[in-house]
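Structure first, commentary second.
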């Protein structure tokens, strides 16, 4: 059933229902007597249960059924929607999300949910969801090495070849372990942690299997846990301790495998296959006998369809090739000066321009896709920190290219955690300061020109300018002389220096500065800019400027010697021509006085070591660029003009080229490199 043609629809609708459950549970916590909200949650859960049962995902259906029972008791006034009860329901939703994620990654959706099911059943009986001391006389210890799983069976299924390998290893005197590794939920580079764990395991044995697969792990298509089966002559306790030395690993359980357990799993697998085949036959018969749907009138027809995102990617790639050929045709028409050809090319350019806008709009998604998961995260975090936080989301309908949407989730999570952990004060401290006990964090998105701005604003303690400078000087980030000349924006920018932190103690939630360098690097890799404004005692605002799309961009083409470079228009303030006599030297840096502001000059011929000589001229052509409130002047030989270009990657072998973000093919077939202006401004 897992390979059913309906799987994509099941995954899409499951994610929608889970999001609806999360949103409505948050509303229910604020209005526990509003039974209409309970009804919405119950309907979503009931639909999800039915879909899961139909698709054969019994664990998912079973857990949803238990959750549904508790919701039904609330709906029928047999149970109050207290925070304690909702905590358990939220935990169940977390497990459901993990199951759906596993299914989306090619897994079978199985998960050990015995603890949360037990809690839900205790709630049904009118008991406290938390175990009493008597019920927990022999608790399962964290990081233990066990020889028997809580359900006395393996969490991974093995094919015939894998079982043969395991059985042969037993005969040769080796041990086999199934190792469950849990990552910190705040880990930002999950794939790197997985690689380090695999490296440790390969030093002590041979890896037989991983769930999810190595490919999905590498692409970070998993939640926080993954399973690895390893053959080794090393003791399980030692394997566990070695893995725990990897940073951001929170838990390790090594389960010893023996022959009897393998045989039991093999028998269970064969039985499951029989049941699934029977279910498929029954479902097919039911479908044949089903009454055909009545034809809808024109007004009732659905106006939307689901399209696989990979198809849109293919469409975009084809259109990118069309843009390159369009540029080539425009170049040929310009050279030949044929009126009929010029008219045809102009018409084709207009039509392809309209087509470009349609395709880009098809790829646009509301930032709501990312913002939706934050209310739940803020709820959990504020409880952990004993703070009261009101998250306000504005402009969630603002749209961005899905390529950018996919990348901004983790850095935004880090900035939100940072604001709540270090920005918002405790209720007691806020009372002392005359502030409301509940702190406010505003997450806002809006369009401006060809950019989208995302702002995270809090009414917390703000950033202590002097404290930041003192730390920066002691760490050698800046000198005392430089510190005296820095304005507020420059000082707050120091928070993004690698390893910089003003926190007096390290917390497991965030450190203001710890990881902010990664946040900035992520946004800048997307062509974005991060700025900070703050007022001590009043709060802080982190502002992120992002381009609407990364695929087709407007650039200014420039010439340096015999080479051509493309500078994104979103980074350009203006262009200018200056006399060499207007150039001065300051601190071994060429600068100009441009509109009353000292602007440093960057000579692209030197930065990129462009070969060739050019006759010295009296004037320089400048492209004034900006990064936040910082500006610089790029010195080029000549300005060619504005063009639409297709951004192409340099490939895996050229990932660390300084100040180059990609390349494009021009109309005459020449390759032009695209300048990463953010790298040129320090």
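The values are calculated or read from the model by the stated rules, or taken from the named source; none is laboratory data. Since the model is a prediction, treat every value here as computed from it, not as a measurement. Cβ placement follows ideal geometry from the backbone for every residue including glycine, while neighbour counts extend to all protein chains displayed.
See the values below:
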read-out	value
Selected residue (only one of 671, 636, 646 is in contact with a helix residue (DSSP H, G or I) (Cβ under 7 Å, 6 or more places away or on another chain) and closer than 23 Å to residue 333 by Cβ)	646
Qualifying residue in the range 423-440 (condition: in contact with a helix residue (DSSP H, G or I) (Cβ under 6 Å, 6 or more places away or on another chain) and crowded, with 20+ Cβ neighbours inside 10 Å)	no
Some residue of the range 588-607 being at pLDDT 85 or above, under 29 Å from residue 521 (Cβ atoms), surrounded by 15 or more Cβ atoms within 10 Å (Cβ to Cβ) and out of contact with any strand residue (DSSP E or B) (no Cβ under 7 Å at 6 or more places or on another chain)	yes
Verdict on residue 194 being at pLDDT 80 or above, touching a strand residue (DSSP E or B) at 6+ places or on another chain (Cβ under 9 Å) and surrounded by 13 or more Cβ atoms within 10 Å (Cβ to Cβ)	yes
Complete set of residues in the range 22-56 that are over 19 Å from residue 6 (Cα atoms) and assigned to a loop (DSSP other than H, G, I, E, B)	31, 32, 33, 34
Single residue of the range 203-215 satisfying the filter (touching a strand residue (DSSP E or B) at 6+ places or on another chain (Cβ under 9 Å) and not in a strand (DSSP E or B)) that is nearest to residue 110 (Cα to Cα)	212
Which numbered condition residue 477 fails, given (1) over 27 Å from the mean Cα position of the chain (by Cα); (2) modelled with pLDDT of 80 or more; (3) surrounded by 14 or more Cβ atoms within 10 Å (Cβ to Cβ)	(2)
Among (1) farther than 30 Å from residue 410 by Cα; (2) touching a helix residue (DSSP H, G or I) at 6+ places or on another chain (Cβ under 9 Å); (3) modelled with pLDDT of 90 or more - the single one residue 617 does not satisfy	(3)
Residue tally, condition within 18 Å of residue 584 (Cα to Cα) and free of Cβ contacts under 8 Å to residues at least 60 places away in the same chain, over the range 617-627	6
Some residue of the range 643-654 being in contact with a strand residue (DSSP E or B) (Cβ under 8 Å, 6 or more places away or on another chain), in contact (Cβ under 8 Å) with a residue 24 or more places away in the chain, part of a loop (DSSP other than H, G, I, E, B) and exposed (fewer than 12 other Cβ atoms within 10 Å of the Cβ)	no
Hits in the range 510-529 (condition: at pLDDT 80 or above and under 13 Å from residue 497 (Cβ atoms))	516, 517, 518, 519, 520, 521
Flag if residue 100 is crowded, with 19+ Cβ neighbours inside 10 Å, within 27 Å of the chain's Cα centre (by Cα) and under 17 Å from residue 22 (Cα atoms)	yes
Number of the condition not met by residue 262 [criteria: (1) closer than 22 Å to residue 94 by Cβ; (2) at pLDDT below 85; (3) surrounded by 15 or more Cβ atoms within 10 Å (Cβ to Cβ)]	(1)
Given (1) touching a residue at least 12 places away in the same chain (Cβ under 8 Å); (2) closer than 25 Å to residue 220 by Cα, index of the condition residue 94 fails	(1)
The listed residue being surrounded by fewer than 15 Cβ atoms within 10 Å (Cβ to Cβ) and free of Cβ contacts under 8 Å to residues at least 12 places away in the same chain, out of 384, 406	406
Any chance residue 394 is under 26 Å from the mean Cα position of the chain (by Cα) and either more than 19 Å from residue 526 (Cα to Cα) or buried (at least 16 other Cβ atoms within 10 Å of the Cβ) (or both)	yes
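Okay, residues lined up against (1) under 20 Å from residue 56 (Cβ atoms); (2) in contact with a helix residue (DSSP H, G or I) (Cβ under 7 Å, 6 or more places away or on another chain); (3) assigned by TED's automatic domain parsing to the domain that holds residue 64:
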{"site": "81", "(1), (2), (3)": "no, yes, yes"}
{"site": "93", "(1), (2), (3)": "no, yes, yes"}
{"site": "98", "(1), (2), (3)": "yes, no, yes"}
{"site": "109", "(1), (2), (3)": "yes, yes, yes"}
{"site": "119", "(1), (2), (3)": "no, yes, yes"}
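Okay, residues lined up against (1) surrounded by 11 or more Cβ atoms within 10 Å (Cβ to Cβ); (2) under 17 Å from residue 210 (Cα atoms); (3) modelled with pLDDT under 75:
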| site | (1), (2), (3) |
| --- | --- |
| 151 | no, no, yes |
| 155 | yes, yes, yes |
| 158 | yes, yes, no |
| 167 | yes, no, no |
| 171 | no, no, no |
| 174 | yes, no, no |
| 181 | yes, yes, no |
